[in-house]
Amino acid sequence: MSPSLQSAPSAPESAADLPATGIDRSCRWPLLGLYPGAAFWLALSAVVYLVASMSFHAPALFADYAWLSYGRMAPVANHLLLYGFCIPAGWAAALWILARLGRTPLAQPALVILGAKAWNLGILVGTIGLLAGDASGFEHFEFPLYAGWLLLLASVLVGVSGLNTIRCRAVPELHPAQWFAGLSLLWFPWIYATAMGLLQLWPVRGMAQGAVHGWALAQLQVVLLALFGIAVGFYFFPVLKQKALPSRHLALFALITLILCGPWTGVPLQAPVPAWMTAISRVMSVCLLMPMLAVLLNLRSLCPVGSAPGMEPSRCLRFGIRAWVLWTVLVVVLNSTALWKTAALTLVQPALFQWLVQGFGTMVLLGAIYLILPRIAGASLPFPALARIHFWLASIGLVLVVVPLLVGGFQQGTRLADARIPFVDVAAGTLMPIRVASMGQLLLILGHLLLPVNVLVLVLRLVRAQIRQVIDEPGGVPAASEGPA
Amino acid sequence: MKHAGMLFLTGFVALSASWAGFILVPQLQIGRASLGMVTGGSDLYPQPRPGLAAQGAQVYRANGCYHCHSRQVRQEGAAMDVILASAGTNQAQVLSAFKLLDLSLADNPLVGLPRDLLVDVDKSRADFAQKTLEDAGAKAMIRIRATGSDIKRGWGQRGSVARDYLQDQPILLGWQRLGPDLANIGVRQPDPVWHLKHLYAPDKVVERSSMPPYRFLFEKRKIRQTPSPDALVLEGDLAPEPGFEIVPTGEAKALVAYLLSLKTDVPLFEAPFSAPAPAAVPVASATNATPVP
């Protein structure tokens, strides 16, 4: 990281009462409780996606192993990506942003460390549950109850620390990035408790389950990921550009339209639910244009460019925000035309999911990780070149995954609509896009494997430095950091 | 928004609004729905799945079958046909009714009954035709057909409606069609042996099938004194070596029972359709809303 970036008076961080290093130190171990797990689950999810897609290369490959079959591998991959990586990485970014902008050390860091442990245990238990056939049967909310309790507990622990950090802030006025970060901590427990309660614990009847599921899906993918992503964008774009965020009003407009419209967008348009629900869902999906345009207008003049050291992660941020814009445009086009009929129940659905979760959520949070890690560690990344390679592999891989699925999905939809084409031909037509996507998945694996390398080496170095300090000056408080490598 | 209190109030209001709209209201509207009467009959619908099929639903869930198969038939609209069942006694009046309806039929329209008079018309024209013909003393009925590519593929006679899922937990709607829709697989393929064989070796049963085999639902075991009556009859390279047999496990049998129970082939008030061919001696329907099965 360049020293100029850390010391320069950047808009949200200027005139800090508490030195940023002290705040960063308070975040170090809590965030390093969340990040290694997230990095590991992300790499594992990429591998599991490839294993899942093997069923389309050689259908009989896993015929004798239930746990390796597509129906169990696919949800594992989705959950490791969404719950394993995106949510803890999002919380880590949110906590750090709250502490930095509030100019206060992270409150109750022990709760976050405990929460990270509970969360990772929950992911592990849930994954084993999925492999053992305990899936709940609701896409993207498939973790069994016994894993859900752990996730819920972890989210409350992390949330308490975050909300207390807001309460203890030294700056009375909240920065827009704090709005999004603060709400992102509040969001998950509510939606997950609702989904767990009404889908598994006390299930509602019949298609009312579909309504609950659609609501929870939209909250998780459309709202929560956007809260994370916009918080990161509103914090880092001004910091990297060393300018203030142009408009608080636009930011407020984006927040309110996002949380008011986003939750209503999850009902699948072909689903057998009352027509008013699909109608509202379509209208609200088109309304997603509002938060997207507001964020775009706000960040327009702040797009960080340049290849100065320390600026490279901004590539991930730029890619992520652009992916979100593109995703919104796609969703608006699908919902405002008859194209949704073609897209329903086809590969377009996983393509949109991948583009939103990997293109927007994962990319923005990767950028945040690569920007936050050197700051909380007080040392530069062990292998900055790997971070650069990670971005290129991940972005090219992702495009190779999403474009074939999208094109193949529209072709599949067009063929499904023509009853003269036998279904075996329609199904056979989906194989090639999935196989091409496997090539992109290979690149994603290579890329995502680089993150744990950086994170683990950094953690090892920090642990070693800490031990050395304890040995050198017994009883003394460990110093802030070791110098940049 | 300077204050944290205001921020969380906004978040709370937004969450509560969508919670009320998309969780509470659907719960009141469809979560409390009662079983419906099958149109033209006295059966309640849907019936709970029998025990083995209910277990099979859990096998379907555990193995993530819903990741490739949907369980929802899409319907685009409805088309109506008007059928002349009998001409009654006053044939001259019926023929003048034909003129009124602007029907020009080449041959004598009153022989070979019942016959289709109007095909693929909208509801108002069908209603008008039926009323005109019945005023003339003839007996006419309206046949309702669901339309759409799913219906044409034979995946169902009508679109799926919320009531179809009342007995299901979880509902297992599916979000993709990498495999065919299964809402009516029990109607399309009622043979349990076919299903077992298809699960064991899909590409041997359906040519060019891309479905992976589910051999882990079967057990290969040594034949004891007598072969098991459940053992699959397999030929060619699928057949186990002599002295062995392939027997479906309890899970496979339950899954097949579930697949056979997947049927939405009854007309409902909210999803009407008429049987594809008119009965030999059709009875005129009392009202247009009630199709004759």
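Laboratory data are not the source of any read-out in this text; all were calculated from the coordinates shown. From a predicted model like this one, the values you see are computed outputs, not experimental measurements. Because the Cβ atoms are built from the backbone with ideal geometry, glycine has one as well, and the counts that use them run over all protein chains shown.
For chain B, modelled as a GNM with alpha-carbon contacts under 10 angstrom, which of B:Ser261, B:Ser42, B:Ser16 fluctuates the most?
Largest GNM mean-square fluctuation: B:Ser16.
If a cysteine in the protein assembly as shown has no other Cys Cβ under 4.7 Å from its own Cβ, put it on the list, ordered by number.
Unpaired cysteines in the protein assembly as shown: A:Cys27, A:Cys86, A:Cys168, A:Cys303, A:Cys316, B:Cys65, B:Cys68.
With a length cut of 20 Å (Cα positions projected on each helix's long axis) and a Kyte-Doolittle mean of at least -0.5, go through chain B and give me the DSSP H helices that pass. Walk me through the numbers on the way to the answer.
Working: long enough: B:4-19 (22 Å, 1.53).
Span-like helices here: B:4-19.
If the only charges are +1 at each Lys and Arg Cβ and -1 at each Asp and Glu Cβ, what is the size of the charge dipole of the range A:18-463 around the Cα centre, to the nearest 20 debye? Could the numbers behind the result be given before it?
Details: 24 positive and 9 negative charges, 225 e Å.
Dipole magnitude for the range A:18-463 comes out near 1080 debye.
What is the Å³ per residue value for the convex hull set by the Cα atoms of chain A? Each step should come with its number before you reach the end.
Working: hull volume 68.9 nm³, N = 485.
Value for chain A: 142 Å³ per residue.
Here is the link list: A:Lys241/B:Lys2; B:Lys123/B:Lys152; A:Lys341/B:Lys197; B:Lys152/B:Lys220; A:Lys341/B:Lys253; A:Lys341/B:Lys131. Which ones come out longer than 30 Å on Cα distance? Write down the numbers at each step before the final one.
On the way: A:Lys241/B:Lys2 24 Å; B:Lys123/B:Lys152 21 Å; A:Lys341/B:Lys197 34 Å; B:Lys152/B:Lys220 40 Å; A:Lys341/B:Lys253 36 Å; A:Lys341/B:Lys131 37 Å.
Check vs 30 Å cut-off fails for A:Lys341/B:Lys197; B:Lys152/B:Lys220; A:Lys341/B:Lys253; A:Lys341/B:Lys131.
Taking the Cα atoms of the range B:77-147, what is the range of coordinates along each of the three principal axes, in descending order and whole Å?
Principal axes ranked by extent give 36, 21, 18 Å for the Cα atoms.
Averaged across the residues of B:144-151, what count of C-beta atoms belonging to other chains lies within 10 Å of each residue's C-beta? Before the final figure, lay out each step's value.
Details: counts 0, 0, 0, 0, 3, 8, 5, 1.
Taking all residues of B:144-151 together, the mean is 2.
With point charges of +1 on the Cβ of Lys and Arg and -1 on the Cβ of Asp and Glu, referenced to the Cα centre of the protein assembly as shown, which listed residue (B:Phe12, A:Ala244, A:Leu217) lies farthest in the positive direction of the dipole?
Of B:Phe12, A:Ala244, A:Leu217, it is A:Ala244.
Along the Cα-to-C-beta direction of A:Arg322, a point sits 7 Å from the Cα; which residues of the range A:439-455 have their amide N less than 16 Å from that point?
The answer is none, because no backbone nitrogen lies closer than 16 Å to the label point.
Considering every pair of different Cα atoms, what Kirkwood radius, in Å, is found for the range A:194-284? Don't skip to the answer; put the middle values down first.
Working: mean 1/r = 0.0669 Å⁻¹.
Result for the range A:194-284 stands at 14.9 Å.
What distance in nm separates the simple spin-label points at A:Trp67 and A:Ala170, each placed 7 Å from Cα in the Cβ direction?
Output for this residue pair reads 5.1 nm.
How would you classify the range B:24-126 from its alpha-carbon gyration tensor, with a ≥ b ≥ c the square roots of the eigenvalues: rounded for a/c under 1.5, else prolate if a/b is greater than b/c, otherwise oblate? Present the calculation step by step, with values, prior to reporting the outcome.
Numbers: a/c = 2.87, a/b = 2.77, b/c = 1.04.
It is prolate, given that a/c is not under 1.5 and a/b is the larger ratio.
Taking the beta-carbon count within 10 Å as an exposure proxy, list A:Trp392, A:Trp202, A:Trp41, A:Trp355 from fewest neighbours to most. Don't jump to the answer; show the numbers that get you there.
Numbers: A:Trp392 12, A:Trp202 8, A:Trp41 28, A:Trp355 22.
Neighbour counts put them in this order, fewest first: A:Trp202, A:Trp392, A:Trp355, A:Trp41.
Using a Förster distance of 45 Å, how high is the FRET efficiency between A:Ala193 and B:Leu113, based on the Cβ-Cβ distance and rounded to 0.05?
0.10
Calculate the all-directions average of the projected area of the range A:363-485's alpha-carbon convex hull, and give it in nm². Could the numbers behind the result be given before it?
Numbers: hull surface 38.9 nm².
Hull-based average projected area comes out at 9.7 nm².
Can you bin the range A:85-207 into rounded, prolate or oblate? Criterion: square roots of the alpha carbon gyration tensor eigenvalues sorted a ≥ b ≥ c, rounded for a/c under 1.5, prolate for a/b above b/c, oblate for the rest. The partial results should precede the final answer.
On the way: a/c = 2.91, a/b = 2.01, b/c = 1.45.
Verdict is prolate for the range A:85-207.
Given charges of +1 on the Cβ of Lys and Arg and -1 on the Cβ of Asp and Glu, with all other atoms neutral, how large is the dipole of the protein assembly as shown about its Cα centre, in debye to the nearest 20? Walk me through the intermediate numbers first.
Numbers: 56 positive and 41 negative charges, 295 e Å.
In debye, rounded to 20, the protein assembly as shown gives about 1420.
Taking R0 as 51 Å, what FRET efficiency do you get between A:Ile280 and A:Ser301 from their Cβ-Cβ distance, rounded to the nearest 0.05? Could the numbers behind the result be given before it?
Numbers: r = 35 Å, r/R0 = 0.69.
Using R0 = 51 Å, I get an efficiency of 0.90.
Can you classify chain B as rounded, prolate or oblate using the Cα gyration tensor, where a ≥ b ≥ c are the square roots of its eigenvalues, rounded means a/c under 1.5, and otherwise it's prolate if a/b beats b/c and oblate if not? Intermediate values should be presented prior to the final figure.
Values: a/c = 2.83, a/b = 1.34, b/c = 2.11.
It is oblate, given that a/c is not under 1.5 and a/b is not larger than b/c.
Which GluC sites (Glu not before Pro) does the range B:229-270 hold that lie in a coil by DSSP with at most 15 other beta carbons within 10 Å?
Counting only loop positions with at most 15 other Cβ atoms within 10 Å, the GluC sites (Glu not before Pro) in the range B:229-270 are B:Glu235, B:Glu270.
Under a plain spin-label model, where a point goes 7 Å from the Cα along Cα-to-Cβ, how far apart in nm are B:Leu100 and B:Asp237?
Reported label-point gap for B:Leu100 and B:Asp237 is 7.1 nm.
Let me have the relative contact order for chain A, percent, based on Cα pairs under 8 Å that are six or more residues apart. All intermediate terms of the calculation are to be shown ahead of the outcome.
Details: 776 pairs, mean separation 84.0, N = 485.
It comes to 17 percent, rounded to a whole number.
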